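Notes for the one structure printed next.
Just so it is clear, none of the values below were taken in a lab; they were calculated from the coordinates. Predicted model only: the values in this text are computed from it and were never measured. Note: ideal-geometry Cβ built from the backbone for every residue, glycine included; neighbour counts use all protein chains shown.
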Amino acid sequence: MSTHDESATLLAPGAGLERLTTGATWAEGPLWLPESRQVRFSDVRTNRILQWDYASGEASVFREAAEYANGRALDHRGNVVQCSHGRRGLEQEGPHGARVLVDRWEGGRFNSPNDVVVARDGSIWFTDPPYGLQPGGEEGYPGPQDYEGCFVFRHTPETGETTPVVTSVVHPNGIAFSLDERILYVSDTGHDAGHLEACHILAFPLRDMTVEGPGTVFAAPPNGASDGFTLDREGRLWTSAGDGVYVYASDGGLLARLPVPETVSNVCFGGDAGNELFITATTSLYRIRTLTTGPSVADFRVS
Ligand code: MG
């Protein structure tokens, strides 16, 4: 496994970390919106959704009283699908606000969906840790869980079917697929509940979009947790951590660490050329220019 620093091959020449906007409390869930050329992200703990505009460089409030929205993704029609701690479900943004797509499984509510990814077949996969239910109400409405555990679910909009796909993770959090959709990556942040070993990214084998085996440890950033992550077009995984962004090769080898001066929660690729990495980190949204892009949108269209 490679552990040398490959920052020079990953980042644009002379690229530096830029702070685009600040003033959030806990920024998370960044998503590049190609049509409006904006980065939308959540400030979970002030219960707002924010946006940063690519053309003007200005940030604004997209929604107050946002029901503690967290992670989001585009579906194949270009709709924003996002996790809602407050609604304890998945919702879809529309012209008249957000509407719930699904908020229960076998009669009970989810915990507080945290992060989401859309598969090539259109199914929506999301993690369901309990952070929105915790005492204190910083990230939602305190309350009991309706089912025991914290699962990863797959929701199929066409049929309305929702199925648990991973039930072995303490606190599933970040989620992504390998480019060939033969691996499901899920981070476990259960260390915050006393499961000190549960602080890593797991890789689950997939066959025909079914998890067919136990997860194995793929990577574990040495500082802090892997809250959220994304892949680039080469299949490398760019993950948040306590002290920056870590980039891992598909074999789990560490390629680079990009220092960030605040705890990082999540990342996404975007910009007009798709080669800019947007980073939500505690109070701020940052950007760094890279030599790669996210997997192209065309790769994720339903054929
Ligand atoms: Mg998260």
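Annotation: amide H of T282 within the under-5 Å range of A27, S265, sequence separation 5 or more or interchain, hydrogens built in the peptide plane. Both radii were evaluated on the Cα set of the range 198-300; the Rg over Rh quotient, with Rh as the Kirkwood radius, amounts to 0.98. Between F62 and R19, the FRET efficiency from the beta-carbon distance, with R0 = 22 Å, is close to 0.65. The value of relative contact order for the range 1-61, using C-alpha pairs under 8 Å at least six residues apart, is 23 percent. Phi angles across the range 155-161 convert, under the Karplus curve 6.51 cos²θ - 1.76 cosθ + 1.60 with θ = phi - 60°, into 3J(HN,Hα) values of 10, 10, x, 4, 9, x, 6 Hz, Gly and Pro given as x. Around the amide H of R87, modelled in the peptide plane, lies no amide H under 5 Å away from a residue 5 or more places distant or on another chain. Taking the centroid of alpha carbons for each part, the range 140-158 and the range 174-237 are 19 Å apart. Computed from label points 7 Å out along Cα-Cβ, the spacing between E234 and E197 is 3.4 nm. Here the Karplus relation 6.51 cos²θ - 1.76 cosθ + 1.60, evaluated at θ = phi - 60°, turns the backbone of the range 61-73 into coupling constants of 8, 7, 7, 8, 6, 8, 6, 6, 4, 10, x, 8, 8 Hz, with x for every Gly and Pro.
Put simply, the amide H of L202, placed in the peptide plane, has neighbours under 5 Å in V186, S187, D188, F218, leaving out anything fewer than 5 places away on its chain. Estimated from helices alone, the mean residue ellipticity of the chain at 222 nm is 0 deg cm²/dmol (sum of -39500 (n - 2.57) over DSSP H runs with n ≥ 4, per residue). In the chain, taking the dipole from charged Cβ atoms about the Cα centre, the farthest positive-side position among F229, Y54, T167 is held by Y54.
Overall, the chain carries a charge dipole of about 420 debye about its Cα centre when +1 sits on the Cβ of Lys and Arg and -1 on the Cβ of Asp and Glu, all other atoms neutral. The peptide list 110-116, 78-84, 205-211, put in order of mean Cβ contacts within 10 Å with the highest first, becomes 110-116, 78-84, 205-211. Here the Karplus relation 6.51 cos²θ - 1.76 cosθ + 1.60, evaluated at θ = phi - 60°, turns the backbone of the range 31-39 into coupling constants of 8, 7, 9, x, 6, 9, 6, 9, 9 Hz, with x for every Gly and Pro.
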